[in-house]
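Data block below; observations after.
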Amino acid sequence: MLVVDDSLAVRNYLCSMLERFGIEVVTAETAEEGVRYATSSAFGCVLMDVLMPGIDGFEACRRIKAKRANVPVVMLTSKSSPFDRVRGKIAGCDSYLTKPVDSAQLREVVGRHIAIA
């Protein structure tokens, strides 16, 4: 699984939870880096922050889906308005999680896209 977030604390938090589920995690600090990883390697799922410097998560999702339409992208953000959810769907995201994410919610959403032990 690929985790893309500009916050080291958030990346570490998500990695610790995902690794407890038995999921191998690769991280990226920027959306651009996340797009490069997601389009050049096989990932079962991408967990993408929305608000990042440079291109945002919506644009990164569009770029990933343009090259790898079958890779599930889960948007992760503190913005939970219906408008943001619509923007995510238009960008091609498969699921949407609002920060702060708890372990059970993360497991349920990620489990829709990849097998969890």
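The values are calculated or read from the model by the stated rules, or taken from the named source; none is laboratory data. Because the structure is predicted, anything quoted here is derived from the model rather than measured. No Cβ is skipped: glycine too gets one built from the backbone with ideal geometry, and neighbour counts run over all protein chains shown. Just the protein is used for accessible areas: all its heavy atoms, side chains included, with ligands, DNA and RNA removed. Shrake-Rupley method; radii C 1.70, N 1.55, O 1.52, S 1.80 Å.
Would you confirm, using the coordinates I've provided, whether I23 is under 14 Å from M1 (Cα atoms) and open to solvent by 30 Å² or more (accessible area, probe 1.4 Å)?
When the stated conditions are applied, I23 does not pass them.
Return the residues of the range 72-117 that are open to solvent by less than 80 Å² (accessible area, probe 1.4 Å), touching a strand residue (DSSP E or B) at 6+ places or on another chain (Cβ under 6 Å) and either of a type in the set (A, V, I, L, M) or in a helix (DSSP H, G or I) (or both); say none if nothing qualifies.
If the condition is that a residue be open to solvent by less than 80 Å² (accessible area, probe 1.4 Å), touching a strand residue (DSSP E or B) at 6+ places or on another chain (Cβ under 6 Å) and either of a type in the set (A, V, I, L, M) or in a helix (DSSP H, G or I) (or both), then V73, V74, M75, L76, G88, L97, V109 are the ones that fit.
In contact with a helix residue (DSSP H, G or I) (Cβ under 9 Å, 6 or more places away or on another chain), of a type in the set (A, V, I, L, M, F, W, C), open to solvent by 60 Å² or more (accessible area, probe 1.4 Å) and under 18 Å from Y13 (Cα atoms): does that describe L47?
no
What's the total number of residues in the range 51-62 that are without any contact (Cβ under 8 Å) to a residue 40 or more places away in the chain and crowded, with 20+ Cβ neighbours inside 10 Å?
2
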